[in-house]
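As structure tokens, the structure follows; a few thoughts come after it.
Taken together, the values in this text are just the output of simple stated rules run on the coordinates, not laboratory data. All of these numbers come straight from a predicted model, not from anything done at the bench. Cβ atoms come from the backbone with ideal geometry, glycine included; neighbour counts cover every protein chain shown.
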Amino acid sequence: MEEDTCIAFPVLGEPAPDFEAETTQGPVKLSSLKGKWVVLFSHPADFTPVCTTEFLAFTQIFDELQSLNVQLIGLSVDSISAHLAWVHAIKEKMGVTIPFPIIADLTMKVAKKYGMIHPGQSSTAAVRCVFFIDDKGIMRAMIYYPLQNGRFMPEIIRLVKALQTTDKFKVSTPANWQPGDKVVVPPPKTTAEMDKRMSEGYECKDWYLCFKKV
């Protein structure tokens, strides 16, 4: 019988797979975090060079994420003991305290629910994933990176702000959007709406593409 290589992935717009796991800051249950946004990220392994640079970088954006009502959570398939030793080494060697919890996922239970294990990269390590879960527990965005390439932290902050702007103002954000830029007004659904929007003070390039400040 051929080995089952099917990989499960969460689905945008649907509830994020719930989990309960041990972390460096005690047990965490995803569903208990409703009311907060969650950025869940995976890394391949403790005590590795790219992952260490990422943990330093995630620490730099931790306070800003907190100000956006975001709980940051890390994960790898290492043990709690390995996580604690790595966190201690980062503090001792680099003077940086890791402020967010790190899930120990030795059984790959969470990693498999979230499609973090890609056999083409590794069958024993998670690729670099970032999951954006809103305050209602809905999966809103996902980014996957290979083992060899670290993430760009400003994009994580930008995407959180874009998603929250969409929710607050019921708008979309255009390519290369940055906080403070104009947003995209939802397209009209009727001819009456199409005619009306041309006089509503928007900056319109055409009937279907209009911008406004929020």
Report summary line: In degrees rounded to 10, the 0-90 angle between helix 80-94 Cα long axis and the longest Cα principal axis of the chain is 80
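Quick check: from the Cα gyration tensor, does the stretch 85-214 come out rounded (a/c under 1.5), prolate or oblate? Provide the component values of the computation, followed by the final result.
Details: a/c = 3.16, a/b = 2.29, b/c = 1.38.
The shape class here is prolate.
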Query raised in the report: Residue by residue through the stretch 23-29, which ³J(HN,Hα) values in whole Hz follow from phi under the Karplus form 6.51 cos²θ - 1.76 cosθ + 1.60 (θ = phi - 60°), with glycine and proline marked x?
Result: 10, 5, 10, x, x, 9, 10
Report summary line: Site R158, offset 7 angstrom along Cα→Cβ, radius 16 Å on amide nitrogen, limited to the stretch 164-182, gives 164-166, 173-182
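Computed FRET efficiency, Cβ-Cβ of Y208 and F9, R0 25 Å: what is it to the nearest 0.05?
It comes out at approximately 0.20.
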Query raised in the report: Relative to the present Cα-Cα distance, how much length would full extension add between S31 and F169 at 0.36 nm per residue of separation?
Result: 47.1 nm
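Can you tell me the length gained on complete extension of the stretch I80 to K182, counting 0.36 nm per residue apart and subtracting the Cα distance?
Values: separation 102, 0.36 × 102 = 36.72 nm, distance 4.47 nm.
Difference between extended and current length: 32.2 nm.
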Requested in this report: Subtract the Cα-Cα distance of H88 and Q148 from 0.36 nm times their separation in residues, and report this length gain in nm to one decimal.
Outcome: 19.2 nm
Query raised in the report: Where the centre of each part is set by its Cα atoms, how far does the stretch 80-148 sit from the stretch 156-200, in angstrom?
Result: 32
Query raised in the report: With the Cα gyration tensor of the stretch 170-214 giving a ≥ b ≥ c as the square roots of its eigenvalues, does the rule (a/c under 1.5 for rounded; else a/b larger than b/c for prolate; else oblate) give rounded, prolate or oblate?
Result: prolate
Report summary line: So the angle from the long Cα axis of helix 153-169 to the longest Cα principal axis of the chain, reported in degrees to the nearest 10, equals 40
Requested in this report: Report the relative contact order of the stretch 135-214, percent, no decimals, based on alpha-carbon pairs under 8 angstrom and at least 6 residues apart.
Outcome: 22
Report summary line: With a ≥ b ≥ c from the Cα gyration tensor eigenvalues, square-rooted, and the rule rounded for a/c under 1.5, otherwise prolate when a/b > b/c and oblate otherwise, the stretch 1-145 is oblate
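Between S122 and N69, take the C-beta separation as r, use R0 = 41 Å, and let me know the FRET efficiency to the nearest 0.05.
Using R0 = 41 Å, I get an efficiency of 0.75.
Scan the chain and hand back the longest stretch that contains none of the chymotrypsin sites (Phe, Trp or Tyr not before Pro) lying in DSSP loops with at most 13 other Cβ atoms within 10 Å. Kindly include the intermediate steps, with their values, before the conclusion.
Working: sites that count: F47, F152, Y208.
No qualifying site falls inside 48-151, the longest such stretch.
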Query raised in the report: Around F211, which amide H atoms from residues at least 5 apart in sequence, or from another chain, sit under 5 Å from its own amide H, with H modelled in the peptide plane?
Result: V185, E203, C204, K205
Query raised in the report: Relative to the first principal axis of the alpha-carbon coordinates of the chain, what is the inclination of helix 49-67, with its axis defined by its Cα atoms, in degrees from 0 to 90 and to the nearest 10?
Result: 50
Report task. Using only alpha carbon pairs under 8 Å that are at least six residues apart, calculate the relative contact order of the chain and give it in whole percent. Result -> 22
